[in-house]
Amino acid sequence: MIELFQISKSFGTQVVLNEFSNKFTAEKTHILLGRSGCGKSTILRLIIGLEKANAGEISVDGKNNHEIKNSELPKYFGYVIQDKTLMPHMNAFDNIMLPARALKIEYETVKERFNYLEDLVQFDKGLTEKYPSQLSGGQKQKACLIRALILDPPYLLMDEPFSALDPMIRSALQNELKKIFQKVKKTVIFVTHDLNEASALGDEIVLLNQGNIEQKGAMRDLKENPASEFVKTFFQAQAQHF
Ligand SMILES: Nc1ncnc2c1ncn2[C@@H]1O[C@H](COP(=O)(O)OP(=O)(O)OP(=O)(O)O)[C@@H](O)[C@H]1O
Ligand SMILES: [Mg+2]
């Protein structure tokens, strides 16, 4: 479980999170929703230590996240963001192997898992020799997904991983991801603006507003029993896009 306890985070005078607390319980997919700029990406970045909170604590399996060494991070977290995360001068194979190499883990040790993940996300074997510039957007995101899962971390943090993809590929990847989540039993924190994606993948929706949680629960609860005018308006506004 990942627990954020009274986390406050400001950038200069801008307060982004205000005593934000939440438990991201194990083996569930938690969806972070909220308006642009409300702090969703910041929450993921705080969890993996790319940002430091001004106050509060984050624990991962009961351990303060600052106690996790940088090199150990890929053992805990798979992190997939929108784009530009593959190293351009390395082919897909070397990109995928980066977290393993950082821990001096040889290919032989992860070979089986590598093959398993290639099959799982349907990443053609011939693609591993290609460089990022020779891969399509969907293929790049699949490589990122394999890389995130190569060390079998218990936590998967995904920040709008498919938002740059066209709707057909996006929908196919969502379906694959759903199967993957069911098979690999990860604790997932997934940021998206897409309510269909949130419904398809999420066990629990966490809707943020003004630095804290406005409402959380199943998507249906939030839609049918909005706890506030904000929640109601949020879903009405989103519905207009569909
Ligand atoms: N390193 C930084 N320095 C200054 N301000 C920052 C920094 N990172 C984030 N912010 C600000 O903090 C706020 C929250 O940013 P964040 O990226 O978490 O939003 P978000 O909810 O992920 O938005 P979006 O849906 O647009 O991706 C924004 O107003 C942003 O400008
Ligand atoms: Mg963001």
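Only the coordinates and a few stated rules stand behind these numbers; no lab work does. As the structure is a computational prediction, the values presented were derived from the model and not from experiment. Quick reminder, even Gly has a Cβ in these numbers, built from the backbone with ideal geometry, and neighbours come from all protein chains shown.
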**Fill in**
How many residues of region 20-43 are surrounded by fewer than 14 Cβ atoms within 10 Å (Cβ to Cβ) and at positive phi? The answer is 2
**Identity of the residue in region 122-150, over 16 Å from the mean Cα position of the chain (by Cα) and among the aliphatic types (A, V, I, L, M), that ends up farthest from ligand 2 (Cβ to nearest atom)** = Leu127
**Prompt:** Does at least one position in region 57-78 carry a residue that is free of Cβ contacts under 8 Å to residues at least 24 places away in the same chain, within 16 Å of ligand 1 (Cβ to nearest atom), out of contact with any Gly (no Cβ under 8 Å at 6 or more places or on another chain) and more than 30 Å from Lys130 (Cβ to Cβ)?
**Reply:** no
**Message:** It is to be established whether one or more residues within region 186-202 are exposed (fewer than 15 other Cβ atoms within 10 Å of the Cβ) and either farther than 20 Å from Ala239 by Cα or within 16 Å of ligand 2 (Cβ to nearest atom) (or both).
**Reply:** no
**Request:** Report yes if Ala100 is touching a Pro at 6+ places or on another chain (Cβ under 9 Å), outside any strand (DSSP E or B) and not basic (Lys, Arg), otherwise no.
**Result:** yes
**Asked** Looking at region 203-212, which of its residues are surrounded by fewer than 21 Cβ atoms within 10 Å (Cβ to Cβ) and touching a Phe, Trp or Tyr at 6+ places or on another chain (Cβ under 7 Å)?
**Response** Asn209, Gly211, Asn212
**Message:** With the requirement that a residue be near ligand 1 (Cβ under 9 Å from one of its atoms) and without any contact (Cβ under 8 Å) to a residue 40 or more places away in the chain, what does region 37-49 give you?
**Reply:** Gly37, Thr42, Arg45
**Request:** Name every residue in region 28-47 that is in contact with a Phe, Trp or Tyr (Cβ under 9 Å, 6 or more places away or on another chain) and more than 16 Å from Asn64 (Cα to Cα), in order of residue number.
**Result:** Thr29, His30, Ile31, Leu32, Leu33, Gly34, Arg35, Gly39, Thr42
**Asked** Any idea which of (1) within 21 Å of Leu50 (Cβ to Cβ); (2) part of a helix (DSSP H, G or I) is the one Glu108 doesn't satisfy?
**Response** (1)
